[in-house]
Amino acid sequence: MRRLLVSGVIVAATMAGSAAGCGVAQSAGDGSTAAAPAASTGAKTPPTTTAVTDTVPTTTTTPPPPPPPSPPKPAITRDLIRYGARRQAETAAYARRHYGVSTDRVHPRVIVLHFTDSGPGSYPGVHALFDANQPNGGELPGVCAQFVVDQDGTIYQQVPLKLMCRHAIGLNDRAIGIEMIQQQGISSHWADQQILHRRPQIRSVLRLVRWLQARYHIATRNVIGHAMANDSPFFHDLEGWRNDHTDWQREDVLALRRRL
Ligand SMILES: [Zn+2]
């Protein structure tokens, strides 16, 4: 190991000298045919020795930086939907068909951002939809998301965190879903921007995302929009299903990530 390191340093030093032609290498005079042979060999040897001794201190290790403080848990209002034995069995059957594992549990690696095509004050309607457990895409259970963030910043939790919700094809077993109350308007990008500029709502979303990231060690690159779900490295679906939703466009997710 030590010899390899030393020889590597010599090669590196020589290459750097001949390429850049700076400092010590200039005095070696590779191209100086006028220089006497004795003088040129005498000049070449010392720089390599110096380079070896210089590099020894760089092998010392520096202590890793201290971990950042954990973000506090935001205020969360528990308003759980009915998720009894029947719905749990339907979720497990769904997971078996689409992910090959019969489970109603989620193992979060990703956070998926959504908005629902609903206006101010429409949270009760969204909650009722999640609670209704109606077939979606011809399959049960019905759709849901772990959290809904209203426009006034209230965070409503819909199911216990350990439970899977159907909110993004290919990721439900690996993703926490966050719905935000927002009308579609003229485009998904426009809708994303409304949320990004609505202070109470986006503040709560950011606090919730930060807390979930710390709790489940989720990298910021895995905080994605529903519109990005098919491209996630965690995406998988044995039935060949794909998402066709456009909520939370990539450029808007990047803007949100910069505020995390
Ligand atoms: Zn969505």
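All of the numbers you see were taken from the coordinates with simple rules; none came from a lab. Note that the coordinates shown come from a computational prediction; the quantities given were computed from them, not determined experimentally. Here the Cβ is made from the backbone with ideal geometry for all residues, glycine too, and neighbour counts use every protein chain on show.
Per-structure values
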| item | result |
| --- | --- |
| From the options Val159, Val148, residue that is of a type outside the set (Ser, Thr, Tyr), within 15 Å of the ligand (Cβ to nearest atom) and either assigned to a strand (DSSP E or B) or buried (at least 17 other Cβ atoms within 10 Å of the Cβ) (or both) | Val148 |
| Residues located in region 109-143, provided they are surrounded by fewer than 13 Cβ atoms within 10 Å (Cβ to Cβ) and at positive phi | Gly121, Gly137, Gly138 |
| Residue count, region 95-108 (criterion: assigned to a helix (DSSP H, G or I) and within 26 Å of His217 (Cβ to Cβ)) | 3 |
| Those residues of region 109-143 which are in a helix (DSSP H, G or I) and without any contact (Cβ under 8 Å) to a residue 24 or more places away in the chain, in sequence order | Pro124, Gly125, Ala128, Leu129, Ala132 |
| Residues of region 171-190 classified as surrounded by 22 or more Cβ atoms within 10 Å (Cβ to Cβ) and within 15 Å of the ligand (Cβ to nearest atom), total | 10 |
| Enumeration of residues in region 78-94 that are among the aliphatic types (A, V, I, L, M) and assigned to a loop (DSSP other than H, G, I, E, B) | Leu80, Ile81 |
| Helices (runs of 4 or more DSSP H) lying entirely in region 172-260 (those with 2 or more residues that are among the charged types (D, E, K, R) and in contact with a helix residue (DSSP H, G or I) (Cβ under 8 Å, 6 or more places away or on another chain)) | 250-257 |
